[in-house]
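Okay, so here's the structure we're looking at.
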Amino acid sequence: MKKWLICGAVSLFLPLFLILTIVVLVCGSDADKPITAPLTPEQAFGYYSIGQELGVPWDLMILVDTYRAEAGAIVLGESNPMLTALNFCKLEVKDFILIPDPEQELDPDEEQEIKWIWKEQASYSYEGTEKLLSVLNLGAASGTTDVFSAVERYEQAGTSEKAKREVLLTTLMPERSALEVIGLWYSNLLSSAQLEEISSLYATGYLRDLYMEADDRITGAWIGDVNLPDLVVGEVHRAQLIAVAASIVDAPYLLGGKSPAIGPPRGALDCSGFVDWVYVQAFGTTVSGGLGGTAVQFQRCTPIAESELQVGDLGFYYRPSDVPAGQYNHVGIYVGRIDGKPAFIHCGGPYWGYPGKGTGRVVVSINDARTKNNKNPLGGSFNVPAMNPSNFRLFMRPQFQFLD
């Protein structure tokens with residue numbers, strides 16, 4: 001851990017942190033001193049899971065709510081983190097109507113079938129918690145599944161035989177900086193200095209260090225060399241995408257870890273962060289269109305049957321509206337068949353870890369919930385501990401064009 005980071009944070013946060021004590025090395029001293037985190041791991045899990053689904057940074061949400069609690073606006077640990085998360089989101093809506101194709105040439109002397117096309121009639125967007133709760137008809141106790149069920153209902157309400165509505169819930173970041181977003185919603189409650197403090201602490205990864213035990217897996221430094229294949233961004237074959245993904249097999253998992261930029265990851269990744277990182281290397285943009293989030297990725301893809309799977313397609317454990325309470329979704333990239341069985345490469349949590357890499361890692365899993373694997377889908381084997389199977393059940397196709 002960077003010692004200056006902890007030193008600078010003590011004066012800001014020590015009066016607020018009341019619950020969990022984590023011992024770290026502080027401010028260059030040789031003595032261990034206690035620094036406490038604002039929420040218990042169980043309370044923080046609510047922020048983790050929402051961030052995982054929506055692509056909103058969980059540590060930024062906790063920082064915002066910590067300052068809001070100090071200002072007396074909420075009781076930390078008792079408020080619904082979804083209400084904070086939605087202030088980082090926007091709902092993009094497009095309405096279409098079915099019209100005759102104006103470019104179709106009709107012969108009045110012949111019977112011809114009219115060609116119909118969808119014409120965009122209107123597009124609009126809504127931002128922030130108050131507006132999204134109102135538009136989606138949600139209450140203040142809503143969770144992730146409630147939100148995405150409401151998004152589906154809102155889309156269906158604008159869809160009929162001759163009309164359709166496309167709805168996408170996405171994030172305001174990275175189009176806007178963390179400081180811009182929190183300033184948009186909290187400038188009436190917090191001072192400009194406090195907003196700057198939140199933005200700065202988020203940039204350092206302060207809370208990730210506290211909650212994730214402050215070891216080399218998550219301090220932002222990558223572990224080992226990454227040998228990325230040579231490719232032309234935007235002009236790739238499917239095998240090249242898998243070569244990118246396989247270049248970091250056994251790399252550590254970090255819930256909330258993102259690196260949506262070309263080049264080796266800036267730190268450990270989570271499942272949606274891994275998928276976005278792979279696609280950025282190949283196409284220069286993410287599947288999510290932002291900072292990840294399995295639900296956002298799911299929305300941006302087209303459903304397919306398992307029999308239609310092609311290398312590069314995605315697998316999910318759940319629909320965003322069906323994620324069980326207390327759990328979060330999972331996503332991986334289809335790599336083809338290994339020994340006749342479908343396989344996915346993904347960045348999975350502790351179930352896929354091993355001693356020394358207990359948070360989880362990037363693995364290639366046989367998708368049968370039974371068979372362990374060590375084989376590389378591109379040939380040969382990985383020199384890593386055997387990789388546990390997966391159980392992807394829903395299959396989606398990202399909107400990217402491969403050369404093959």
Pick out which of 296, 275, 233 has the largest mean-square fluctuation in a Gaussian network model of the chain, springs linking Cα atoms closer than 10 Å.
233
Sorting 135, 287 on the 10 Å Cβ count, fewest up front, what's the list?
135, 287
Using 1/(1 + (r/R0)^6) with R0 = 45 angstrom and r between the beta carbons of residue 163 and residue 341, what's the FRET efficiency to the nearest 0.05?
0.60
Around residue 121 (Cβ within 13 Å, Cβ-to-Cβ, excluding residue 121; K/R +1, D/E -1) the net charge comes to +2
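With a ≥ b ≥ c the root eigenvalues of the C-alpha gyration tensor of region 238-397, is it rounded (a/c under 1.5), prolate (a/b larger than b/c) or oblate?
It is rounded, given that a/c, with a ≥ b ≥ c, falls under 1.5.
Which FRET efficiency value, to the nearest 0.05, do you get for residue 381 and residue 237 by plugging their Cβ-Cβ distance into 1/(1 + (r/R0)^6) with R0 = 22 Å?
Once rounded, the FRET efficiency stands at 0.45.
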Amide H within-cut-off set for residue 250, under 5 Å, with H built and near neighbours excluded:
362, 363
Is region 314-404 best put as rounded, prolate or oblate by its Cα gyration tensor, with a ≥ b ≥ c the root eigenvalues, rounded for a/c under 1.5, and otherwise prolate when a/b is larger than b/c, oblate when not?
oblate
Relative contact order of region 238-397, defined on C-alpha pairs under 8 angstrom at six or more residues apart (%):
24 percent
What are the ³J(HN,Hα) values, in whole Hz, obtained from phi via the Karplus relation 6.51 cos²θ - 1.76 cosθ + 1.60 with θ = phi - 60°, for each residue of region 314-329 in sequence order, with x given for Gly and Pro?
10, x, 10, 7, 9, 5, x, 7, 10, 5, x, 4, x, 10, 9, 6
Once you place label points 7 Å from the Cα toward the Cβ at residue 112 and residue 351, how far apart are they in nm?
5.6 nm
So, over other residues within a Cβ distance under 11 Å of residue 190, counting Lys, Arg +1 and Asp, Glu -1, the net charge is -2
If R0 = 45 Å, then residue 126 and residue 99, at their Cβ-Cβ distance, give a FRET efficiency to the nearest 0.05 of 0.95
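Assign one of three labels to the chain, namely rounded, prolate or oblate, based on the Cα gyration tensor with a ≥ b ≥ c the square roots of its eigenvalues; rounded applies when a/c is under 1.5, prolate when it is not and a/b is larger than b/c, and oblate otherwise.
Oblate, since a/c reaches 1.5 and b/c is not below a/b.
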DSSP-loop trypsin sites (Lys or Arg not before Pro) across region 345-380, with at most 16 other Cβ within 10 angstrom
370, 372
Sum of -39500 (n - 2.57) over DSSP H runs of 4+, divided by residues of the chain (222 nm, nearest 500)
-8500 deg cm²/dmol
Given the pairs 115/162; 90/258; 94/258; 258/372; 341/372, which are separated by over 18 angstrom at their Cα positions?
90/258; 94/258; 258/372
Between helix 192-204 and the chain, what is the angle of the helix's C-alpha long axis to the longest principal axis, kept within 0 to 90° and rounded to the nearest 10?
80 degrees
Please give me the summed charge of the neighbours of residue 258: other residues whose Cβ is under 12 Å from its Cβ, Lys and Arg +1, Asp and Glu -1.
-1
Hey, if you put +1 on the Cβ of every Lys and Arg and -1 on every Asp and Glu Cβ in region 109-263, which of 239, 128, 253 ends up farthest toward the positive end of that dipole?
128
Kindly express, to the nearest 10 degrees and within the range 0 to 90, the angle between helix 144-157's C-alpha long axis and the longest C-alpha principal axis of the chain.
20 degrees
Please list, in order along region 122-138, the HN-Hα scalar couplings obtained from phi with the Karplus expression 6.51 cos²θ - 1.76 cosθ + 1.60 (θ = phi - 60°), rounded to whole Hz, x for Gly and Pro.
7, 9, 7, 9, 10, 10, x, 4, 4, 5, 5, 4, 5, 5, 8, 6, 10
In degrees, nearest 10, the alpha-carbon axis of helix 3-13 is tilted away from the dominant principal axis of the alpha carbons of the chain by 90 degrees
Each label sits 7 Å from Cα toward the beta-carbon; between residue 180 and residue 304 the label points are separated, in nm, by 3.4 nm
Gaussian network model of the chain, springs between alpha carbon atoms under 10 Å - residue of 73, 245, 268 with greatest fluctuation
73
Mind sorting 362, 331 by how few other Cβ atoms lie within 10 Å of their own Cβ, fewest first?
362, 331
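Any read-out appearing in this document is the output of simple, stated calculations on the displayed coordinates, not a laboratory observation. Since we're looking at a predicted model, the values are computed, not measured. Ideal geometry is used to build each Cβ from the backbone, glycine not excepted, and the neighbour counts take in all protein chains shown.
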